[in-house]
Each structure stands twice: as C-alpha cells, then as structure tokens.
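Written out below as structure tokens is the structure these notes cover.
The values are calculated or read from the model by the stated rules, or taken from the named source; none is laboratory data. Every value quoted in this text rests on a predicted model; they were computed, and no experiment measured them. Here the Cβ positions follow ideal geometry from the backbone for every residue, glycine too, while neighbour counts run over all protein chains shown.
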Amino acid sequence: MRSSLHHGGNIEKVAADLNIPVEQIKDFSANINPLGFPSDLWNVLVQSFANIEVYPDPEYTELKKAIADQLKVAPNDVFVGNGATELLDEAIRAEKATDALVLAPTFGEYERLLKRQGINVHYYQLKEEDNFAFKMAAMIDFLKEHHEITIICLTSPNNPTGQVISAADLRKLTDFCNKHHRLLVLDEAFIDLTVGQQESFIDELTPDDRAYIIRAATKFFAIPGLRLGYCITKNQKLKDKLKVQENTWSVNGIADVFGQNMFRAKKYISLTHDWLNVQQPALYEALQKVKGIKVFPSTANFFLFKCADPDLREKLLQRRIMIRQCDDYVGLGPDYYRIAVKGPQDNVLLVNTLKEILGSEE
C-alpha cells in the first residue's frame, strides 16, 4: 500500500516545522523555473488589476488566440483552464471510460482524477534497468490484451523520470487509438523545460487524432500561484465533448491577461533555454560523481536518483535544503528522490551537501 499522494513545493509547512523563514530554504522539490517571474511582464500584471471588478471574457478569445498563434494551431483548437489539473479532469470526465492506463512511476494526479470518476487504473511499469525509458511496442501489445482500457494518460517528459516519448512513438500510439477507439491524454507540462527544446506532439496532430495534449504555464513562467493551463485537440468530436465539461470563467482575469502576453517575454524565454541547456547537463555530470547515489538520465529540468539512505530528505532539511522523496509514486519507494535543476550556485551547494552527508567528499 503506497503512502498518500503529496507534491513538491510545500515549503511553507517545512519552514514552519523548522521554525525558520521560508527564504532560508533552498527548494529543489518543485520543478519551477529558477529565473522567477518574467520581470518584463510585471507591468502587464499590475495593469490587469484595473479590470478586477469585471468578469473575464467567458470565451477567452484573446487568450486562446495568443496560445494558438504561439503553437501554430487554430484558436478553436485551444481550451483553457485553472491549471493543467483542471483540464486533465475535464478530459477524463469527457470520455466516460471504465478503465484507464497510466505509467508507473508517473505524476500521481492522474490516478486520483481517474479513481474519483470510478475508473479502474491499470499501470504500465517502467523498468529501472531501462533507466525508466518508454517502450512503445510493448505498451501497444499490453493495450491489445486489455480491450477494456479506453483512456491512456501519458506524460512527456515523464515526471519524475524526465524521459521524453519520441514523436514517432506517439504517432504509433495515436494511430492505434484512432483505429481502436481509445483516447490519448498527453501531458506536456514540462516540454518547454527540456534540454535542446524537445518538440511538442502538437506539431504532429491531425483532425483524426483521438488525443488531447495538455500544457501548463506554471512551470516555465514560475507562476504556480496564478494557475493557467491549456489543452489542444484538433478532433471535432473531442472538442464537443470537452466543451460540455468546461467550467465558466475557470481562468481568472489576471491569469487571462498574463496568458495573453506571456509569449511576448522573448528575452526571458531565451534566457530560460540558455540556463537549462548549460545547467542541466552540468548538474547531471556532477551528480554522477556523488558516491552513494544512482542518478537516472533525464531531458527535463529535474532528475530522479536512487539512494540507500531513506532519511536523506530529512538530513538535507537540517541543512535547509528541500528535495522530493518519491515514496508516493507507484513503482518507487523511499529510496528514490527527485531534484529540480536550479541556478549554478544552488546546484553546487546541493551536490557538495550530498557529498558531505553521504561521506563521498573527494
């Protein structure tokens, strides 16, 4: 029996437990852009308060147009919501399924949302000996054996493993879904935070594809408190189903204005890619040299590693460093941990502290 679902980033509780200010904790548990909120959008955000007494446009016309222009899709291919989780929930409710498939390990919200609808959850286990890489042919064989599964929830890059599913593999799966009346719900919340800017499957979508692709502004633009997610599908039947599930005014007016302008922060977007392309491989190389841990390859702004010390998280907290213990992920135990990639000084601090705790200083 696994422990209850928890998330990274609950820094206020940790600070209260340690009786120290939040600012004194280095938070590696939440995979948020360490560049912080885009400074050139502060004025946009402040100006949005002038409309706080007015309801947002229920159709979110300008917001959908801004997202559509960025992703090179039609505005009516775009759905928006109060974070990616709301859109995941709506996509699941729209399908009226009895059984669904999720990866193990993967983001725990899928299981929670599915079970809340009374849907049976099947797990497709990723293997440590494969570095948790995805094997599409084997998954399709699994789906052929389980006709009852009609929803497949995948994440690319997967959380917490950081592995991206190739466009070729996703095309094979989508073609299978189209032919056998299955639905693919693909979560790309971290696709913009991958080394080398991995391609989104949105570019490959066709009107025949039984697929929803869900994205979030949260991680890239460092706005977890603002909540803005968006979903893309080109399939008219799926659009009609999703419209039935939509909540009116689910995106508040401030998030609406932010989303209309977020892709204009060109310098911030460029600096984010520059940071990740340098710091992510540098941190991976440094972690490989820490005796006592096994770090798994990742393309994303976080790493999964294994350590025999089940108290590592608590020992790091005493040093005012917070990481994510992965004992609540199906397929993982308390000896697995996830860390976010941060700035160069913080990354060095983490690595050196790990070496001290694990007695692996050179």
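Selection of the stretch 89-119 for residues being touching a Gly at 6+ places or on another chain (Cβ under 8 Å) and in a helix (DSSP H, G or I) yields only Glu90.
Applying a threshold of 6 Å to beta carbon distances and a minimum spacing of six or more residues, or different chains, the list of pairs starting in the stretch 306-325 at a residue that is closer than 11 Å to Phe28 by Cβ and ending at one that is of a type in the set (D, E, K, R) and not in a strand (DSSP E or B) reads Ile323/Arg313.
State whether one or more residues within the stretch 31-39 are among the polar types (S, T, N, Q), modelled with pLDDT of 75 or more and part of a loop (DSSP other than H, G, I, E, B). Let's see the steps before the verdict.
In the first step, residues of the stretch 31-39 are kept if they are among the polar types (S, T, N, Q); the result is 31, 33, 39.
From what is left, the residues that are modelled with pLDDT of 75 or more are 31, 33, 39.
Going one step further and asking which of them are part of a loop (DSSP other than H, G, I, E, B), we end up with 31, 33.
Yes: the stretch 31-39 contains one or more residues that are among the polar types (S, T, N, Q), modelled with pLDDT of 75 or more and part of a loop (DSSP other than H, G, I, E, B).
Residues that are loosely packed, with under 14 Cβ neighbours inside 10 Å, under 29 Å from Asp192 (Cβ atoms) and of a type in the set (Gly, Ala, Ser) within the stretch 115-157 comprise Ala137, Ala138, listed in sequence order. Give the residues of the stretch 101-112 that are touching a helix residue (DSSP H, G or I) at 6+ places or on another chain (Cβ under 8 Å) and surrounded by 21 or more Cβ atoms within 10 Å (Cβ to Cβ), sorted by residue number. The answer is Leu101, Val102, Tyr110.
The set of residues in the stretch 185-204 being surrounded by 23 or more Cβ atoms within 10 Å (Cβ to Cβ), not in a helix (DSSP H, G or I) and not β-branched (Val, Ile, Thr) consists of Leu186, Asp187, Glu188, Ala189, Phe190.
Yes/no matrix, rows are residues, columns are (1) surrounded by fewer than 16 Cβ atoms within 10 Å (Cβ to Cβ); (2) more than 27 Å from Val102 (Cα to Cα); (3) at pLDDT 95 or above; (4) under 23 Å from the mean Cα position of the chain (by Cα):
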site	(1), (2), (3), (4)
Gln288	yes, yes, yes, no
Pro297	yes, no, yes, yes
Ala340	no, no, yes, yes
Leu350	no, yes, yes, yes
Leu358	no, yes, no, no
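When only residues in the stretch 77-100 that are of a type in the set (Gly, Ala, Ser) and more than 14 Å from Ile152 (Cβ to Cβ) count, which is surrounded by the most Cβ atoms within 10 Å (Cβ to Cβ)? This residue is Gly81. The residue that is farthest from Ala216 (Cα to Cα), counting only those in the stretch 188-203 that are touching a residue at least 40 places away in the same chain (Cβ under 8 Å) and of a type in the set (A, V, I, L, M, F, W, C), is Val195.
Ala222 fulfils the conditions (1) surrounded by fewer than 20 Cβ atoms within 10 Å (Cβ to Cβ); (2) under 30 Å from Ala97 (Cβ atoms); (3) not hydroxyl-bearing (Ser, Thr, Tyr) except for a single criterion, (2). If you go through the stretch 38-76 and keep only what is surrounded by 17 or more Cβ atoms within 10 Å (Cβ to Cβ) and either over 28 Å from Ile202 (Cβ atoms) or out of contact with any Pro (no Cβ under 6 Å at 6 or more places or on another chain) (or both), you end up with Pro38, Leu41, Val44, Leu45, Ser48, Pro56, Tyr60, Leu63, Ala66, Ile67, Leu71, Val73. The number of residues in the stretch 285-339 being touching a Cys at 6+ places or on another chain (Cβ under 8 Å), in a loop (DSSP other than H, G, I, E, B) and closer than 21 Å to Ile32 by Cα comes to 0.
Within the stretch 40-76, the set of residues being more than 22 Å from Ile269 (Cβ to Cβ) and not in a loop (DSSP other than H, G, I, E, B) comprises Phe49, Ala50, Asn51, Thr61, Asn76. Filter the stretch 120-171 for residues that are hydroxyl-bearing (Ser, Thr, Tyr) and part of a strand (DSSP E or B); which is farthest from the chain's Cα centre (by Cα)? The extreme case among them is Thr150. Residue by residue through the stretch 224-271, note down the ones that are in a loop (DSSP other than H, G, I, E, B), touching a residue at least 60 places away in the same chain (Cβ under 8 Å) and over 28 Å from Asn31 (Cα atoms). Those that are in a loop (DSSP other than H, G, I, E, B), touching a residue at least 60 places away in the same chain (Cβ under 8 Å) and over 28 Å from Asn31 (Cα atoms): Lys234, Thr248.
For the stretch 6-13, state whether one or more residues are surrounded by 11 or more Cβ atoms within 10 Å (Cβ to Cβ) and either modelled with pLDDT of 90 or more or touching a Leu at 6+ places or on another chain (Cβ under 9 Å) (or both). I'd like the intermediate steps shown before the answer.
Filtering the stretch 6-13 down to residues surrounded by 11 or more Cβ atoms within 10 Å (Cβ to Cβ) leaves 6-11.
Those left that are additionally either modelled with pLDDT of 90 or more or touching a Leu at 6+ places or on another chain (Cβ under 9 Å) (or both): none.
Scanning the stretch 6-13, I find no residue that is surrounded by 11 or more Cβ atoms within 10 Å (Cβ to Cβ) and either modelled with pLDDT of 90 or more or touching a Leu at 6+ places or on another chain (Cβ under 9 Å) (or both), so the answer is no.
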